[in-house]
Ligand code: DOR
């Protein structure tokens with residue numbers, strides 16, 4: 001859409017800032033310029049009647065793995081960003097465990113350049129901390145980097161940061177948000193050894209939540225929280241998966257004042273350890289999907305604001321890789337196309353309100369990472385919007401998957417609630433089941449001093 005074009009959206013039922021309001025929207029160029037009833041469409045270039053549909057701000061997914069560079073046999077920025085648009089995710093923040101890892105300024109610059117050339121959704125890239133790149137971290141331009149990512153437990157990509165002195169230096173010296181993967185390595189090693197003694201190399205997948213156990217999660221996340229308290233660091237704990245960890249977080253202060261925040265992912269809210277029998281290694285994630293009781297506690301933690309952000313941790317691997325035995329199958333799975341339909345289905349089951357969904361998946365990532373002019377439906381903000389048909393039922397079908405890896409842990413699942421259209425920077429980026437071949441993606445920018 002050019003800078004002068006005018007699009008009027010009529011009769012939108014917008015879910016935004018804790019309210020559901022029926023209104024019209026005027027989109028001029030990239031921006032929402034007016035919100036109100038009775039906006040005239042006489043001089044509009046385009047009118048879209050959203051009668052019967054809900055419109056929410058585009059989701060900002062604060063944790064995805066798009067595998068580029070180096071792991072492009074699994075996925076790439078182009079394919080996964082298209083899948084994200086089909087799933088209502090207009091902005092993504094991508095992780096540094098690629099090959100090479102995003103742990104130097106030059107690798108970070110190259111990733112951004114690749115995204116500028118090929119991404120279909122708005123993008124930003126976390127910088128990876130290691131045991132020996134403190135100088136690089138301190139030289140970062142904090143206005144351009146969304147956050148620092150530290151693996152405090154090893155996962156895909158071998159990026160474990162396990163030197164306590166280094167950790168303390170990083171926590172003490174950066175003003176960036178430090179996003180952490182928390183699972184205690186020693187505990188996992190011991191649990192794996194015990195399982196191997198019992199099962200040899202035929203460990204059943206049902207052992208995964210006992211190997212990557214509640215204790216492994218709690219030990220690591222409680223140490224990270226203690227270090228953040230000691231050093232005053234700004235900590236964000238990724239993919240909380242257990243009830244026990246919820247005690248580490250607070251809900252008695254507003255998000256903007258929190259120094260320690262937490263994220264929960266769709267798969268930990270959807271699946272439980274009972275699903276390993278049917279889904280096998282396709283639901284092998286780090287951290288592991290845990291018990292039904294943990295899942296229920298995560299829903300409570302989300303609704304009571306102990307958990308601040310809803311994300312995907314989209315982490316595709318090929319089907320061939322995933323279909324290996326427990327120890328060989330990598331952890332992770334593709335999620336960006338179906339996280340929102342899963343959440344809408346959960347809304348119909350009474351698990352969360354639409355207002356809460358929007359708060360956690362759209363507003364809060366914008367607050368937490370200081371994302372400029374996105375995450376809300378507001379005049380002067382970018383027109384990143386998702387049109388939802390919340391009554392539409394559909395079964396996840398292999399033929400409709402946009403992921404390069406061509407499989408989904410949700411195949412065969414009946415969802416209620418679908419993405420009808422996605423607008424990115426004022427441009428219909430996804431409609432009628434198709435991604436627009438012209439990309440309108442931009443780099444995210446951050447409102448920071
Ligand atoms: O299951 C996971 N897969 N968890 C992670 O933290 C990393 C991810 C991946 O990159 O494969």
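Some notes on this structure:
- Enumeration of residues in the stretch 273-282 that are within 16 Å of the ligand (Cβ to nearest atom) and either touching a residue at least 24 places away in the same chain (Cβ under 8 Å) or in a strand (DSSP E or B) (or both): 273, 276, 279, 280, 281, 282
- Top-ranked residue of the stretch 283-292 - restricted to ones that are within 12 Å of the ligand (Cβ to nearest atom) and either touching a strand residue (DSSP E or B) at 6+ places or on another chain (Cβ under 9 Å) or outside any loop (DSSP other than H, G, I, E, B) (or both), ranked as farthest from residue 313 (Cα to Cα): 283
- Looking across the stretch 146-160 at every residue that is touching a residue at least 40 places away in the same chain (Cβ under 8 Å) and away from the ligand (no atom under 11 Å from the Cβ), the one that is surrounded by the most Cβ atoms within 10 Å (Cβ to Cβ) is identified as 146.
- Flag if residue 210 is surrounded by 14 or more Cβ atoms within 10 Å (Cβ to Cβ) and over 29 Å from residue 366 (Cβ atoms): yes
- For the stretch 306-327, a tally of residues being touching a helix residue (DSSP H, G or I) at 6+ places or on another chain (Cβ under 8 Å), over 23 Å from residue 210 (Cβ atoms) and away from the ligand (no atom under 12 Å from the Cβ) returns 5.
- All of 214, 190 fail the test of being under 24 Å from the mean Cα position of the chain (by Cα), farther than 28 Å from residue 94 by Cβ and more than 16 Å from the ligand (Cβ to nearest atom), apart from 214.
- Test for residue 103: is it more than 21 Å from residue 400 (Cα to Cα), within 16 Å of the ligand (Cβ to nearest atom) and either surrounded by fewer than 18 Cβ atoms within 10 Å (Cβ to Cβ) or modelled with pLDDT of 95 or more (or both): yes
- In the set (1) out of contact with any strand residue (DSSP E or B) (no Cβ under 7 Å at 6 or more places or on another chain); (2) touching a residue at least 60 places away in the same chain (Cβ under 8 Å); (3) over 22 Å from residue 216 (Cβ atoms); (4) surrounded by 16 or more Cβ atoms within 10 Å (Cβ to Cβ), the condition left unmet by residue 133 is number (2).
- Filtered residue count, the stretch 55-77, keeping only those that are surrounded by 20 or more Cβ atoms within 10 Å (Cβ to Cβ) and either within 12 Å of the ligand (Cβ to nearest atom) or over 10 Å from the mean Cα position of the chain (by Cα) (or both): 13
The values are calculated or read from the model by the stated rules, or taken from the named source; none is laboratory data. Quick caveat: nothing in here was measured; it's all calculated off a predicted structure. Here Cβ is always computed from backbone atoms with ideal geometry, including for glycine, and neighbour counts include all displayed protein chains.
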